[in-house]
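This report refers to the structure that appears directly beneath it.
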Amino acid sequence: MEITSEEIARQIEKAKKGKQGAFKFLLDYYWNEVYGFQLKRVRNEHEAEDITIETFAKAFDKIETFDENYTFPTWLVAISKNIQIDKTRKKNASIYSNTTDASNEQVQKIADHSPTPEDELIREQNLAELLRYIKQLKPHYQDVINLRYFQEMSYNEISETLEEPLNNIKVRLLRARKLLAEIITQKG
């Protein structure tokens, strides 16, 4: 099904109002574009993925500043490019020096509740099968899934445990759940 520019605009408006489903839609729809752009630049899957996660975290944190005179993917790529340039400059500095100083209200936009269809799918799996599926994810996705579902940590606890910004954790979990749901659906 072709996604229209009107639908994209609607989803951006919903995201500006803090709707979880809109963040998920935008992440799923634009992930490959931003990730592909970064992969060409940094030529390293793990680094491209980290920059992409950080890009969406920053974009969702600053969504109300998005100017409709630009296209959303252009805005995302610009954020992504700036993050990558900063990371290159600070290559020897600590990874944590690049955290966003988001206000609590903005960080709360990506909700910590209301189970998604992916959550339901994950919960329905038998444990042994689910563990096999999780093993197919990259290690940094395995970590957040394990902390969230098996150790039942909150987003804040995961953020503290992994020493990563809360927004990055939220985006990584969104992405991990989507990838896990795809694996479950393919095997099912």
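Taking segment 1-48, which trypsin sites (Lys or Arg not before Pro) meet the DSSP loop condition and have no more than 14 other C-beta atoms within 10 Å?
When the trypsin sites (Lys or Arg not before Pro) of segment 1-48 are filtered for loop state and at most 14 Cβ neighbours within 10 Å, K17, R43 remain.
Can you compute the modelled spin-label distance between T4 and K135, with each label point 7 Å from Cα toward Cβ, in nm?
Those two pseudo-labels are separated by 4.7 nm.
Please state the shape class of segment 1-81: rounded when a/c is under 1.5, otherwise prolate if a/b exceeds b/c and oblate if not, all from the C-alpha gyration tensor.
Here segment 1-81 falls in the prolate category.
Given labels modelled 7 Å from the Cα in the Cβ direction, how far is it in nm from R89 to R43?
2.4 nm
If N is the number of residues in segment 16-58, what value comes out of its Cα radius of gyration divided by 2.2 N^0.38 Å?
1.23
Quick one: length gained pulling E157 to K17 fully straight, 0.36 nm per residue minus the C-alpha distance?
Roughly 47.9 nm would be gained on extension.
Once you list every other residue whose beta carbon is under 10 Å from the beta carbon of L39, what net charge do they have if Lys and Arg are +1 and Asp and Glu are -1?
Overall, the nearby charge balance is 0.
Rounded to whole Å, give me the distance from the Cα center of segment 134-188 to that of segment 2-16.
After rounding, the separation between the Cα centres reads 26 Å.
If I take R0 = 22 Å and measure r between the Cβ atoms of F150 and K187 in this structure, what FRET efficiency does the formula 1/(1 + (r/R0)^6) give, to the nearest 0.05?
Rounded to the nearest 0.05, the efficiency is 0.65.
Which links in K16/K90; K90/K178; K40/K62; K17/K90 stretch past 28 Å when you go from one Cα to the other?
K16/K90; K90/K178; K17/K90
Only the coordinates and a few stated rules stand behind these numbers; no lab work does. Quick caveat: nothing in here was measured; it's all calculated off a predicted structure. All Cβ positions, even for glycine, are placed from backbone atoms using ideal geometry, and neighbour counts span all protein chains on display.
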